[in-house]
Amino acid sequence: MKQLLFATATLAMLSACAALPPSAESLAEAPLVRFGDAPPENKDYVLHFPAGQPIPVKLSIIGNAFNQPRNETTEVSLVRDVYVHKNWLSYDRQTWIEANKALDFNIDIRIPGYAHPRDGIIKVMMDFKK
């Protein structure tokens, strides 16, 4: 019984540690990699998305239902600097928050058909949470 309690307590502590954000000190030595540059192999790093830097986004519409596949690339850019380490996000490399708590995403896809007899729509929305 004591072993079960110890194992349960250990798992709870490890889960809590995994949910803690990294400290600025722990990531200070990690290489800063600008988006588009190659990250170091087998080494932790911080990925930087500078405000205004183009971020290519590829769209593919494929399948045997189409006469010809379509592959398009467009670019977006962020309004502010963003730093990413694993599932953590920071605006200043000092304070880290879970990325899913920093951004709202919505994807809207509408295929032309009976319920939508208009042009198809693929819309991706991303907002910084306040």
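Of all residues in segment 53-71, how many are outside any loop (DSSP other than H, G, I, E, B) and hydrophobic (A, V, I, L, M, F, W, C)? Give the derivation first.
Taking segment 53-71 and keeping what is outside any loop (DSSP other than H, G, I, E, B), we get 55-61, 70-71.
Imposing the further condition that a residue be hydrophobic (A, V, I, L, M, F, W, C) reduces the set to 55, 57, 59, 61.
Result for segment 53-71: 4.
Which of (1) assigned to a loop (DSSP other than H, G, I, E, B); (2) in contact with a His (Cβ under 7 Å, 6 or more places away or on another chain); (3) of a type in the set (Val, Ile, Thr) does VAL33 not meet, given it meets every other one?
Going through the list (1) assigned to a loop (DSSP other than H, G, I, E, B); (2) in contact with a His (Cβ under 7 Å, 6 or more places away or on another chain); (3) of a type in the set (Val, Ile, Thr), VAL33 breaks only (1).
State all residues of segment 72-130 that are within 18 Å of PHE49 (Cα to Cα), of a type in the set (Val, Ile, Thr) and in a strand (DSSP E or B); if no residue qualifies, say none.
Result: THR74, VAL76, VAL82, VAL84, ILE97.
For segment 74-87, which residues satisfy the criterion of being farther than 15 Å from ALA19 by Cα and in contact (Cβ under 8 Å) with a residue 24 or more places away in the chain?
Within segment 74-87, SER77, LEU78, VAL79, ARG80, ASP81, VAL82, TYR83, VAL84 qualify.
Of all residues being among the small types (Gly, Ala, Ser) and at positive phi in segment 39-68, which is surrounded by the most Cβ atoms within 10 Å (Cβ to Cβ)? Just the residue, please. Working first, answer last.
Applying the first criterion (among the small types (Gly, Ala, Ser)) to segment 39-68 yields 51-52, 60, 63, 65.
With at positive phi added as a condition, the list becomes 52, 63.
On the way: GLY52: 10, GLY63: 7.
Of everything passing the filter in segment 39-68, GLY52 is surrounded by the most Cβ atoms within 10 Å (Cβ to Cβ).
Anything in segment 35-76 that is farther than 26 Å from SER90 by Cβ and touching a Leu at 6+ places or on another chain (Cβ under 9 Å)? List them, or say none.
To start, the set of residues in segment 35-76 that are farther than 26 Å from SER90 by Cβ comprises 58-74.
Selection gives ARG70, ASN71, GLU72, THR73, THR74.
Might you let me know whether segment 9-27 holds any residue that is aliphatic (A, V, I, L, M), in contact with a strand residue (DSSP E or B) (Cβ under 7 Å, 6 or more places away or on another chain) and modelled with pLDDT of 95 or more?
Going residue by residue through segment 9-27, those that are aliphatic (A, V, I, L, M) are 9, 11-14, 16, 18-20, 24, 27.
Remaining after also requiring in contact with a strand residue (DSSP E or B) (Cβ under 7 Å, 6 or more places away or on another chain): 27.
Narrowing the set further to residues that are modelled with pLDDT of 95 or more leaves none.
No, that holds for no residue.
Within segment 84-108, which residues are within 30 Å of PHE66 (Cα to Cα), at pLDDT 95 or above and among the hydrophobic types (A, V, I, L, M, F, W, C)?
Result: ILE107, single match.
Residues are listed down the side, and each one gets a yes or a no for (1) exposed (fewer than 10 other Cβ atoms within 10 Å of the Cβ); (2) free of Cβ contacts under 8 Å to residues at least 60 places away in the same chain:
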{"position": "LEU89", "(1), (2)": "no, yes"}
{"position": "TRP96", "(1), (2)": "no, no"}
{"position": "ALA99", "(1), (2)": "no, yes"}
{"position": "ILE107", "(1), (2)": "yes, yes"}
{"position": "ALA115", "(1), (2)": "yes, yes"}
{"position": "LYS123", "(1), (2)": "yes, yes"}
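The values are calculated or read from the model by the stated rules, or taken from the named source; none is laboratory data. If you're wondering where the values come from, they're calculated on a predicted model, not measured in any experiment. Positions of Cβ are generated from backbone atoms using ideal geometry, with glycine treated the same way; all protein chains shown enter the neighbour counts.
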